[in-house]
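What follows is a set of notes on a single structure, which appears directly below.
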Amino acid sequence: MIQKIGAGIVNPNLKQNETKLSTPANSNTLVSKPAFSGNYTATSLVNAYQAYHGINLAKTVSFGQSLSQAFKELNQQMSTCRDLSKGMKGESVGSRVHVSELVDKYYDDLPNDFDAIKTNIEVSSDPDKRTVTEARTQLKKMPDGILYEMAVRKPRKTTDPVDKKLPLTQLIKITQDPDIPEHTYVLNTKGKLMAVVEDGNNVLLTNTGNFTKITDEEKRLSVNATQKGNVFTPFTPDVQPVEKRVHTPSIGEGTEIVIGMEDGRFVPEIISSIKSFVDKVNNDEIILKQFVANPDAKNTQLAMLAGGFGSRAEYTNASSSGIFHGKQNGAQSTKGVFRTATGLTPMETTFISLHNAGLLDCSKGKLKIGDNIKFYLNQSGVNKGNGGFTVDLYNKMEREGRKSLTLFPNDSMSRMTEASRKMADIMNSGEAAIVMIAKEVKSGDAKGNFGIMKLGENNEILEFAEKPKTIPEGYEKDGKCLTNTFQFSVSKEAFGALAKLEPYFPAGKGKEPRDWSKTFVPILMSLTQKDDIEEITEDIAKVVDAKEGTIPAEAVEEAKALLGDQKIIAVPTDEPWADCGTLNALYHTTMQIASNDFPLEDFERKHVLDSINTQTGLVASTPEQKAEIESKYIIDGQVMVVPIAEKVDSSVVKEYIDNGLITINEKQK
């Protein structure tokens, strides 16, 4: 069983000795790349091991086939996976080490206490900056079990030697009894590590905390009763939930939302999650404030891309039971249902924001699947990225009176109520082709992570840079940039303009030949900002990588005429918004919620208060889960607990299709 797990940021002043890889005095050999990733003979393996680490374990460790395989597994499992099958030029999406499996497999190959298997591996790289992030990892036999340790260094230049003295940024230690192992992992997402344990019906995650399994009840109770400082800022009396909650009737009619799903990507889990939210609303478990409809709400259609269209979004779907499609040597995660301390997924959290903005009526009796919640399923087998998928959705779900489509992602948590209202008002004025909600973020956080924009008069977006590695001139102010939150509205005229041009676009390469940020927004910016048709045609050809002369000027003229005087406009806001696109980001957002650093509804706040321990740092999905974990573990620092995913019967998809509740884009014959 688990003895102890510790994870956190390392004090570089205390750990300098751990950052150096030395060589024996009698050796001039320095290996600059992982030494144990191939098939080596026992002799060459011993020589490489001694040269690389300066440690002679040959007298006590039998370097046979199993240890050779151990080195190979340590290197392969944790090295950042490049998922070529998903396109994006082999995007780095993450990987994991199955620690408990390694402990069980190699325990007998470490006959004496303090024998170890060690290696140095690359866990992340930045080709543009020519830097690499490395980790030292080891399995070490201890008197009470096996210690698995991984220490990550700050990035170094690829030209620098591997033994350069660089401080550690993260250290994870797991001590486990090989006879009773839980499923234990270390996840790597682009160089950021997280320790994960599957224990019964629960999954425990941490990158900044510690938890220890204690069987001595008296000791456990004594430790839990010890008064310590608060890990989380306690909720003050003025933010306590109101106990009395009653439904109030809606005022006016809202619009509908379409949940966009891709075949084979958590479709049953997404449907199950949405149904659960609807049931909670209609069973009085979720009671929101009175719905007051935006006057023009019926003119727009809402859509949420919830099908796992990229490696980021997969973490925040209703279930991760099939995350990364179970590739044995690829990126995988554990089986958890990722709900925050509010008990809701990020998708469901956004529903509440749309209710408060007067767009989607989530009142009891009003929220209904098939009425104001609909599903769209792409079974075409053609993945055209988020842009192409949205165009298909827009065309298939066409309804009378619709003037625009407003898009939301499933991998963020939004409380941008006023900004959503303003976005709808601007779009309904007929002045905009696209309206984007923009959030100010630190420039350092924006680099490589978010699309950023430069604004002109009346908040017109003059330039847009998608996830730049460096901040272009004019985009930054006081160390901050305006980022695209992927919450934006598109006019029917803009869709019409794209339809005029789409037949002349070449078939794209990779995963996203029709991407909003990289393809459609730049095209629409050129059409709305420039008058010279020849210049616009050249811009479009460059964006879609079309050959000269393949996009007719007549089509460009027709597209521009459809747009008229419409512009691309931003709605800057400082309202709360949290990116949850990676497991580490979702973990961080959950800790913000537990710290009272994210605005909550009364029912959410009560759930959080009942599900966290401000002193130990435990954040559970439910009060019952909190009690169960506290009966098993001593928690010290921020630890997130989510339930193991239950298999959702795929028959729910057939049932919804048979009942006409899912619109399908079928495979092309």
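The values are calculated or read from the model by the stated rules, or taken from the named source; none is laboratory data. From a predicted model like this one, the values you see are computed outputs, not experimental measurements. Quick reminder, even Gly has a Cβ in these numbers, built from the backbone with ideal geometry, and neighbours come from all protein chains shown.
There is at least one residue in region 123-137 that is under 14 Å from ALA70 (Cα atoms) and either in contact (Cβ under 8 Å) with a residue 40 or more places away in the chain or surrounded by fewer than 18 Cβ atoms within 10 Å (Cβ to Cβ) (or both).
Residues considered: THR159, THR169. Of these, the only one that is among the hydroxyl-bearing types (Ser, Thr, Tyr) and outside any loop (DSSP other than H, G, I, E, B) is THR169.
Considering region 379-404, the residues that are crowded, with 18+ Cβ neighbours inside 10 Å and over 27 Å from MET416 (Cβ atoms) include one that is modelled with the highest pLDDT, namely LYS384.
In this structure, is THR470 farther than 22 Å from LEU527 by Cα, hydroxyl-bearing (Ser, Thr, Tyr) and not in a strand (DSSP E or B)? Yes; evaluated as a whole, the condition is true for this residue. Only residues that are of a type in the set (Val, Ile, Thr), part of a strand (DSSP E or B), within 20 Å of the chain's Cα centre (by Cα) and at pLDDT 85 or above: list them for region 172-208, please. Hits for region 172-208 are VAL186, VAL196, VAL197, VAL203, THR206. Within region 269-285, the only residue that satisfies the criterion of being small (Gly, Ala, Ser) and without any contact (Cβ under 8 Å) to a residue 24 or more places away in the chain is SER276.
Applying the set (1) of a type in the set (Asp, Glu); (2) under 20 Å from GLY6 (Cβ atoms); (3) without any contact (Cβ under 8 Å) to a residue 12 or more places away in the chain to ASP160 leaves exactly one unmet item: (2). Looking only at residues of region 146-170 that are at pLDDT 85 or above and touching a helix residue (DSSP H, G or I) at 6+ places or on another chain (Cβ under 8 Å), we find that the one that is surrounded by the fewest Cβ atoms within 10 Å (Cβ to Cβ) is ALA151. For region 245-284, the set of residues classified as surrounded by 23 or more Cβ atoms within 10 Å (Cβ to Cβ), in a loop (DSSP other than H, G, I, E, B) and over 19 Å from the mean Cα position of the chain (by Cα) consists of GLY254, THR255, listed by residue number.
The residue that is surrounded by the most Cβ atoms within 10 Å (Cβ to Cβ), counting only those in region 539-589 that are in a helix (DSSP H, G or I) and touching a strand residue (DSSP E or B) at 6+ places or on another chain (Cβ under 7 Å), is LEU583.
Of SER320, SER363, all but one fail to be buried (at least 23 other Cβ atoms within 10 Å of the Cβ) and either polar (S, T, N, Q) or modelled with pLDDT of 90 or more (or both); the exception is SER320. Regarding ILE180, is this residue aliphatic (A, V, I, L, M), loosely packed, with under 15 Cβ neighbours inside 10 Å, out of contact with any helix residue (DSSP H, G or I) (no Cβ under 7 Å at 6 or more places or on another chain) and within 30 Å of GLY200 (Cα to Cα)? Here the answer is yes, as ILE180 does meet what is asked. Across region 407-465, the number of residues qualifying as of a type outside the set (S, T, N, Q), touching a residue at least 60 places away in the same chain (Cβ under 8 Å) and assigned to a helix (DSSP H, G or I) comes to 9. Filtered by the rule that a residue be out of contact with any strand residue (DSSP E or B) (no Cβ under 6 Å at 6 or more places or on another chain) and farther than 23 Å from THR350 by Cβ, region 456-488 gives GLU457, ASN458, PRO468, LYS469, THR470, ILE471, GLU473, GLU476, LYS477, ASP478, GLY479. Would region 515-533 turn up any residue that is assigned to a loop (DSSP other than H, G, I, E, B), touching a residue at least 24 places away in the same chain (Cβ under 8 Å) and either touching a strand residue (DSSP E or B) at 6+ places or on another chain (Cβ under 7 Å) or not polar (S, T, N, Q) (or both)? Among the residues of region 515-533, at least one is assigned to a loop (DSSP other than H, G, I, E, B), touching a residue at least 24 places away in the same chain (Cβ under 8 Å) and either touching a strand residue (DSSP E or B) at 6+ places or on another chain (Cβ under 7 Å) or not polar (S, T, N, Q) (or both), which makes the answer yes. Looking only at region 420-435, decide whether some residue is of a type in the set (Gly, Ala, Ser), surrounded by fewer than 17 Cβ atoms within 10 Å (Cβ to Cβ) and either outside the structural domain of GLU466 (by TED's automatic domain parsing) or touching a Gly at 6+ places or on another chain (Cβ under 6 Å) (or both). Checking region 420-435: not a single residue is of a type in the set (Gly, Ala, Ser), surrounded by fewer than 17 Cβ atoms within 10 Å (Cβ to Cβ) and either outside the structural domain of GLU466 (by TED's automatic domain parsing) or touching a Gly at 6+ places or on another chain (Cβ under 6 Å) (or both). Only one of the listed residues (ALA559, ALA627) is under 30 Å from THR519 (Cβ atoms) and among the small types (Gly, Ala, Ser). That residue is ALA559.
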